[in-house]
Structure formats: C-alpha cells, structure tokens
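Visitor: Structure below; questions to follow.
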Amino acid sequence: MNSEPAKLENAPLAKPYELRPKALADGGQPGELLEISMGPQHPSTHGVFRMDVVLDGERVVKLKPVFGYLHRNHEKIGENTTYLGSMPYTDRLDYFCSLTSNWAYALAVEKLAGLQAPERAEYIRVITAELTRLQNHISLVGFLLQDMGASGTPLMYAFREREKILDLFESLTGARMMCNYMRFGGCRCDLPPGWLDQARQVVGEFPRFLDEFEALLSGNEILLSRTQGVGALPPELAVNAGITGPMLRASGVNYDIRKVDKYGIYDRFDFRVPLGDHGDVYDRYMMRVLEMRASLKILEAALRDIPDGPIMDPKSKLRGFRPRAGEVYGRIESPKGELGFYLISDGSPKPCRYRVRPPSFINLTILEDMCLGHYVADAVIILGSVDIVMGEVDR
Amino acid sequence: MSVPLPGQGIVKGLVETARNFVGSYVEKDRLVTVQYPEERVPQAEASRNFPFLVYDGDDWQKGLRCVACQICEKECPPQCIYIVKDTARKPDHTGKLQFQPRLFEIDTSVCMSCQVCVEVCPFDAIKMDVEYELSTSDRFNSLLLRKAQLAKPNQYFHKIHPAEAAEVDARLGADKAKAEAKAAAATRPA
C-alpha cells in the first residue's frame, strides 16, 4: 500500500515520431514527403477508417491504419450479458454476413455446452452461410470497382442480385441484415413454406448473372491494368501475419476451414477451393468470383438433399442456459476469413471471457506492406480488396 | 491461343451494359426498383420491427396477457424494457389470478428488434410488430412507448402474423380447456 506513484522524470520518454520510408519504387532516396490523413469519412475508406499516408510524390512510403472509431465494447458487453443476449450483437460484427457470425458464435457455445444441431438445422446453416458468402462477395466486387472509379454500374448490378438474397433472408428470419437466426443447438424457426423453391430459383439464376458480371469485368483492359501486379502479398508474409480467407488463398496457400475442420456437414459436399498465383488485387478479385461459383455448387447440393426433421436439439434451452465450466474456441470460414469465438465459462449464465477473432481486423494488419511503393490511388484499391467491415474491425 | 484485340474487353463490357439498359424496358428481372411509397413490397410472415403487447377481448387493460414476470426485462440485450408490477391481480385466460404490469415501457430508440423478448416470454404476451413508418420530430418522449401505446388486440396479431397467431391461439385454447376440465372435476361433489 505504500508504493509511490512513478516519478514523472523517471518515466521513459515517448519516442519522437519520425518517418522511416521502408521502400521506394526506384530504390532512390525520398524527396520532400507529404503526410495526409485519409478518412475517417472518405467515401473510399469503407466505413470510419483512417489511413495516415506519407507520400513521396504520389508513391506511398509509409501508411499507418488508424481505427477504433466504431468501437462499442462488444467483448465486454458479451461478458456482462447472457449467452443468448450476445447473439443479436454478433449480427452487428460483420453486418454484411450476420448469418455466418451467428453460426460461429453458436458453434462455439455448442462445443461448450455439448449440444448438437440436428441434420435439418445443419443443412439450413450451410444454405444460409453460402447465400451469405454469395452476397458478401458480390457486393465486395461492386465496392472494389467503385473504388477504382467505375461509379455505379457494377455496384448497382451487384446490389440488384444481393437484394434477391436479402429477400430470402427476410422471409426466413424477419430481417434483411440483422438476422439473429441461429440458436445454440439449432435454428430459431423452420423454413417458411415455399422458401426452398424460391431459394432454388435464386441459385439457379445466379450463374447467368455471374457470367454477365464476368463479361463486364474480368477481361476489361482498364481493370487489368489497374489491378494486375498491384498490392502483391507473398505467401510467406501472408502465413506469418495470420491472414485467412480469400486473401490467403489468392496468395496460393491452400487453407480453407471448410476443408480443414469440416465443421457442420461440409464433409458431405464436393467443392473445390480456388487458389491464386500472384496474390495481387486481380487474384483477390478472381478469388471472390471463383468462390461464388464453388458456393453455388454447394448450394445446389444442399438445396437438393435437405431432409425433413426437427431444427432444435431437444437438450437446448432458452431460459436459464448455463453451460458447464470450461474453455472453447469455435471457428468457421466466414466470407472474409477465419471467424472465431473464444469463450471461457465458469458455469454461470454469463461467459467469463468472451473474445472474437475477427478476420477483417487481422487481414488489415499487413495493409502497409501491400501498399508501400504503390500510388496513393492504388492504396484505395488494395484496401478495397482486403474486404473489411468496420463493425468487425473495431467491435 | 489467339491474342485478344486491344479494347476487346471494354467493348464486351459495354455490350453487357447495353443489354442491361435495353433489357430494363422489357424484362422484369432487370428493372427491380419498387416505387416506394406508391408501391410497397408485401411483408413476410416473419417480418419484425418493434415489440407490442397482445390483449384478448375488447378491454385492453383487462385482456392484457402480460403478467409482469419481468423475464423479458432481464433478458433484453440492450435493456430497453422497463416494468413495474401492480399490487392488484387479475385473472388470466385460464381463470388463475396473476400479476399485471402497472408500468410497461419500451424505449424504441434503444430497441434493436432482436426478438429475444418474444422468444423468452412464456405467456405469449409480447410479439413483434411490423409497423415501420414511425418517424417523429420528438426524440425522447414519442420514442418511449407506454403500455397504452403498446397494447394491441389479438385480431391485429392475426392480421400481421397469421400462422404464428393461429398456433398461439390453439395452444392457449388447449390450456383453457384443460383448466376448465380440472375446475369442473374439482367442483364435482364427491
């Protein structure tokens, strides 16, 4: 109790802020540098995200991502509310893909409590997760093109198709984006009548749209020259930095949690994991397009094979839910990468520790390495190809 | 493999935009805009916005199904429900005396429409509304809904969620029949 507060003169001094250019395109010495702050309200920064960029001419020599503007205490709230009470908050993590966030959290709690979702619920989860992947990737490609200056057209086409999938979500869960649908040991409600036919129709029409979308974009010379060779991410760096999802696979590393963990019923589906070669923005764009085609294969099989039956584990209960003490890590392949929930239970109705491993936050950590030496206009595209959602980055 | 002509990709893309532009005049699929507020999309059975309280019969104060058990108040993730129990009791649908809420308030500026209150309610008293044109110029007072504003008749519930309401009515009717049979058995002279 008699410890004195640290004396100010003994405290270590903060290091003076200095610019250390890591790389220049031509290997020369930097000239006069210009430091600009992009964001947090810039339309191309994907939400309230700020980049402190140091430029030599138009080349990026230093980039510091600044985030936290959307921090809202998700993990601390999770420790102060019941297990069920955190489920609607997981919708707000990655608000484009609320159903996969739901699934990751439900999977972690099911591991903790020893629950097992019935067969039909597993099929519904796969169907909704793959539909989520479709609409996430299609809107990401639209936003990426918007960042490149293709104002409107690809984004509008993408949103037109996304709307059909959101209609499916609304008729199933009651909400277009904040679905709050998965429960521990199953799903909240069964599919409404006619939903499967509607889903089959949407899935059946999607390849035609993808073909059109690819004809519009994939061979476009402007897109090729803006994206090829830009923002290359070497596979060693990607693995060391813990990058997951389409970003990692675009660099040529074969790692998909659907194949590695085979969580849910993914071992029953035959699908291929597309891999990139160069790890540049174009590969990341193609990765999304090819993953959508793989997702359509899964969806066709799942919509064909879905059985009848219950959708909730009879052991699961809504009120007074107390899993036994223990710790658990549940992870799934969300459209953006590995989404994991780490929970410690002490046997009470609230988790003792609640931690999220957000894919877009960790994928964002190597932004500087990808941007160095490129034009500032390319930095915007590279950020767009990372696929971040600030709700998940800041939590 | 033939080398593509320069500009071929751009021309191919322009053909797609032209196809979509012309197609928007003839194909329903390519012109999907709904002209709100003149046109509206029909609402799905599962639609939800903010919660309301169901009452049976004509008198909303007598028929309120809520028994002020305060489970929804405890479970509500953003804690937007405020309930004060009344000391007076009233009979529920089976004739059993139950508590009733003196105050029941939902702050819709805090509510996040998650439907947890509906799921945990053991009395089918709170359900989700579908009304969405709720804008107001008063930030505080008009967004805090009181008991009188929240209470809506069972017929309204039937109108917005027909399948769910029919299922709830069947369950409550079965409860009532069971309770009446039990009461009849108890009053029968030995």
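The values are calculated or read from the model by the stated rules, or taken from the named source; none is laboratory data. None of the values given here were measured: they were computed from a predicted structure. Using ideal geometry, Cβ is built from the backbone for each residue, glycine included, and neighbour counts are taken over all protein chains shown. Heavy atoms of the whole protein, side chains included, go into the accessibility calculation; ligands, DNA and RNA do not. Shrake-Rupley method; radii C 1.70, N 1.55, O 1.52, S 1.80 Å.
Visitor: I'm checking my understanding of the structure. Among residues of the range B:16-56 that are more than 10 Å from chain A (Cβ to nearest Cβ) and among the basic types (K, R), which one is nearest to A:P193 (Cα to Cα)?
Guide: Here the answer is B:R40.
Visitor: Quick one: A:E163 ticks every box in (1) under 22 Å from the mean Cα position of the chain (by Cα); (2) without any contact (Cβ under 8 Å) to a residue 60 or more places away in the chain; (3) open to solvent by less than 10 Å² (accessible area, probe 1.4 Å) except a single one, so which number is it?
Guide: Here A:E163 clears every test but (3).
Visitor: Can you find a residue in the range A:356-377 that is in contact (Cβ under 8 Å) with a residue 24 or more places away in the chain, charged (D, E, K, R) and in a strand (DSSP E or B)?
Guide: Among the residues of the range A:356-377, at least one is in contact (Cβ under 8 Å) with a residue 24 or more places away in the chain, charged (D, E, K, R) and in a strand (DSSP E or B), which makes the answer yes.
Visitor: Consider A:D267 against the criteria (1) surrounded by 19 or more Cβ atoms within 10 Å (Cβ to Cβ); (2) more than 9 Å from chain B (Cβ to nearest Cβ); (3) in a helix (DSSP H, G or I): it satisfies all of them except one. Which criterion is unmet?
Guide: Evaluating A:D267 over (1) surrounded by 19 or more Cβ atoms within 10 Å (Cβ to Cβ); (2) more than 9 Å from chain B (Cβ to nearest Cβ); (3) in a helix (DSSP H, G or I) leaves (1) as the failure.
Visitor: For the condition without any contact (Cβ under 8 Å) to a residue 24 or more places away in the chain and within 14 Å of chain B (Cβ to nearest Cβ), what is the one hit in A:N220, A:N254, A:N240?
Guide: Answer to the check: A:N220.
Visitor: May I ask you to list the residues in the range A:201-229 that are surrounded by 21 or more Cβ atoms within 10 Å (Cβ to Cβ) and not in a helix (DSSP H, G or I)?
Guide: The answer is A:N220, and nothing else.
Visitor: Here is a further query. Can you pull out every residue in the range A:121-150 that is in a loop (DSSP other than H, G, I, E, B) and within 13 Å of chain B (Cβ to nearest Cβ)?
Guide: Within the range A:121-150, just A:A150 meets the criteria.
Visitor: From the list A:K336, A:K297, A:K350, which residue is touching a residue at least 12 places away in the same chain (Cβ under 8 Å) and open to solvent by less than 70 Å² (accessible area, probe 1.4 Å)? Break it down into steps so the answer makes sense when it comes.
Guide: Working: A:K297 fails: open to solvent by less than 70 Å² (accessible area, probe 1.4 Å); A:K350 fails: open to solvent by less than 70 Å² (accessible area, probe 1.4 Å).
After applying the criteria, what remains is A:K336.
Visitor: Go over the candidates B:I106, B:I81, B:I71 one by one and state the one that is within 14 Å of chain A (Cβ to nearest Cβ), at pLDDT 90 or above and under 20 Å from the mean Cα position of the chain (by Cα).
Guide: Matching residue, one of B:I106, B:I81, B:I71: B:I81.
Visitor: When the residues of the range A:82-111 are narrowed to those that are more than 14 Å from chain B (Cβ to nearest Cβ) and open to solvent by 10 Å² or more (accessible area, probe 1.4 Å), which ends up nearest to the chain's Cα centre (by Cα)?
Guide: A:F96
Visitor: Confirm whether A:I381 is of a type in the set (A, V, I, L, M), crowded, with 22+ Cβ neighbours inside 10 Å and assigned to a loop (DSSP other than H, G, I, E, B).
Guide: no
Visitor: Among the residues of the range A:166-177, write down those that are more than 7 Å from every other protein chain (Cβ to nearest Cβ) and either at positive phi or open to solvent by 40 Å² or more (accessible area, probe 1.4 Å) (or both).
Guide: Restricting attention to the range A:166-177, the residues satisfying the condition of being more than 7 Å from every other protein chain (Cβ to nearest Cβ) are A:166-169, A:176-177.
A:D167, A:R176, A:M177, listed by residue number.
Visitor: Ok, one more. Can you pull out the residues in the range B:74-104 that are buried (at least 18 other Cβ atoms within 10 Å of the Cβ), in contact with a Phe, Trp or Tyr (Cβ under 8 Å, 6 or more places away or on another chain) and not β-branched (V, I, T)?
Guide: Correct list: B:P77, B:D92, B:F104.
Visitor: Taking A:R183 as the residue in question, decide whether it is charged (D, E, K, R), out of contact with any helix residue (DSSP H, G or I) (no Cβ under 6 Å at 6 or more places or on another chain) and surrounded by fewer than 22 Cβ atoms within 10 Å (Cβ to Cβ). Steps first, answer last, please.
Guide: Working: charged (D, E, K, R): yes; out of contact with any helix residue (DSSP H, G or I) (no Cβ under 6 Å at 6 or more places or on another chain): yes; surrounded by fewer than 22 Cβ atoms within 10 Å (Cβ to Cβ): no.
For A:R183, the condition - charged (D, E, K, R), out of contact with any helix residue (DSSP H, G or I) (no Cβ under 6 Å at 6 or more places or on another chain) and surrounded by fewer than 22 Cβ atoms within 10 Å (Cβ to Cβ) - is not met.
Visitor: Further question: When you scan the range B:21-28, do you find a residue that is surrounded by 10 or more Cβ atoms within 10 Å (Cβ to Cβ) and modelled with pLDDT under 85, even just one?
Guide: Taking every residue of the range B:21-28 in turn, at least one turns out to be surrounded by 10 or more Cβ atoms within 10 Å (Cβ to Cβ) and modelled with pLDDT under 85.
Visitor: Hey, could you check the range B:111-160 for residues that are within 14 Å of another protein chain (Cβ to nearest Cβ), assigned to a loop (DSSP other than H, G, I, E, B) and more than 19 Å from B:W60 (Cβ to Cβ) and say which is most open to solvent (accessible area, probe 1.4 Å)?
Guide: B:Y132
Visitor: Mind checking which residues of the range A:151-160 are away from chain B (no Cβ under 11 Å) and either open to solvent by 50 Å² or more (accessible area, probe 1.4 Å) or not in a helix (DSSP H, G or I) (or both)?
Guide: Passing the criteria: only A:S151.
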